[in-house]
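Taking it in order: structure first as structure tokens, then the write-up.
The values are calculated or read from the model by the stated rules, or taken from the named source; none is laboratory data. Since we're looking at a predicted model, the values are computed, not measured. Virtual Cβ from ideal backbone geometry, glycine too; neighbours counted across all protein chains shown. The accessibility values were calculated without ligands, DNA or RNA, using every heavy atom of the protein model including side chains. Shrake-Rupley method; radii C 1.70, N 1.55, O 1.52, S 1.80 Å.
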Amino acid sequence: MSIEQPAHHDNDNAGDRSARRAVTVFPVLVLLAGAVGLLLPGSFAGWGESVPYLLGVVMFCMGITMTPLDFRGVVKRPWAVALGLVAHYVIMPGLGWVIAHLLQLPPQLAAGVILVGCAPSGTASNVVTYLARGDVALSVSVATVSTLVAPLVTPPLTLLLAGEYLPVDAGSMVGDILKTVLLPVLAGLAVRFLAGRYVQRALPALPWLSAVTIGVIVTVVVAGSADAIKSAALLVFVAVVLHNGLGLALGYGAGRLSRMGEPASRAMAFEVGMQNSGLAASLATAHFSPLAALPAAVFSVWHNISGALAAAWLSRRKH
């Protein structure tokens, strides 16, 4: 669950600056949104059904910021993109399963942690890679492809790894991802193609629209599991910190082991360690329970904080 960033487009400087500001403010916004959901849960009763539509708004914003340059990177460096894709969909789902077992999480929370791991890359990974002086083109390509293949990859992985905890309807999950992720992204691409001149003017506002929308999603998810948070918050936080931290480290390590170079390794770290937790929260709410969406809500806050801190540290290191 993240914000979109158009930093990779040369002619999108205004959007670039807006995205950098938004990604800085975003963790605070999400923390405030979570606090509202925790303190006023009754005010958001029945809002759970709106989460997929809200996620659709975020994914539409992602699609509208894309250009052919995002896909050209896939053609130019297919092996690097393929490595990033495999690393993402092997490391994070595997870590989710291992952490669920090591911490002996209750079934709902275990399924939620695994579902976060099976989600595609978080869209804020692009701007964090930019801030870390990493390979933004590779980051954008991996995030784009991981999102497009999510309907084919996320449901079977969730069934394989989380099926021991809760029943998983993989077929229904495919349909939900198509409706809440792929179709809005394609619609955004179409709008960018047909009305590029007008879209250009709106680019600076898109990161903020995404950030506010994600804040509402977090509020709704937290409100739905407010009672459980008091007893499970510490356990979930430990699971999320381990999941995200190990993902960042192993993603970076995968890049170094494959001799991709420092900038590409930094991109790999964020593409592996940062997840589209908005999708995970939506799927968990629809297919499991609000409690199962709690790891995704916590992840949405933490991975933006850890990503910003890691980017600040890496940006001070020489390549």
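Report, ordered by the first and then the second residue, all pairs with beta carbons closer than 8 Å, sequence separation of six or more or different chains, a first member in the range 76-105 that is within 20 Å of L160 (Cβ to Cβ), and a second member that is among the charged types (D, E, K, R) and buried (at least 18 other Cβ atoms within 10 Å of the Cβ).
Pairs that qualify, where the first residue is within 20 Å of L160 (Cβ to Cβ) and the partner is among the charged types (D, E, K, R) and buried (at least 18 other Cβ atoms within 10 Å of the Cβ), are A87/E271; H88/E271.
In the range 225-254, how many residues are open to solvent by less than 10 Å² (accessible area, probe 1.4 Å) and within 20 Å of the chain's Cα centre (by Cα)?
So the count comes out to 7.
So K179 ticks every box in (1) over 30 Å from A111 (Cα atoms); (2) open to solvent by 30 Å² or more (accessible area, probe 1.4 Å) but one. Which box is left unticked?
For K179, the failing item is (1).
When D169 is evaluated against the numbered criteria (1) over 26 Å from G94 (Cα atoms); (2) open to solvent by 40 Å² or more (accessible area, probe 1.4 Å); (3) charged (D, E, K, R), which criterion, by number, is the only one it fails?
The single condition D169 does not satisfy is (1).
Just to verify a result, which residue in the range 270-318, among those that are part of a loop (DSSP other than H, G, I, E, B) and in contact with an Asp or Glu (Cβ under 9 Å, 6 or more places away or on another chain), is nearest to V51 (Cα to Cα)?
R317
Can you name every one of the helices (runs of 4 or more DSSP H) wholly within the range 32-122 that holds 1 or more residues which are over 19 Å from I217 (Cβ atoms) and at pLDDT 85 or above?
78-102, 107-118
Of the numbered conditions (1) in contact with a Phe, Trp or Tyr (Cβ under 7 Å, 6 or more places away or on another chain); (2) part of a loop (DSSP other than H, G, I, E, B); (3) not aliphatic (A, V, I, L, M), Y165 satisfies every one except a single condition; which is it?
(1)
Just to be sure before I move on: is L182 out of contact with any Asp or Glu (no Cβ under 9 Å at 6 or more places or on another chain) and either in a loop (DSSP other than H, G, I, E, B) or among the polar types (S, T, N, Q) (or both) in the structure I sent? Before the answer, list the steps.
Working: out of contact with any Asp or Glu (no Cβ under 9 Å at 6 or more places or on another chain): yes; either in a loop (DSSP other than H, G, I, E, B) or among the polar types (S, T, N, Q) (or both): no.
No; evaluated as a whole, the condition is false for this residue.
What are the pairs with Cβ atoms under 7 angstrom where one residue, in the range 56-67, is of a type in the set (G, A, S) and the other, located anywhere, is open to solvent by less than 10 Å² (accessible area, probe 1.4 Å)? Sequence gap at least six, or different chains.
Pairs found: G63/V185; G63/G188.
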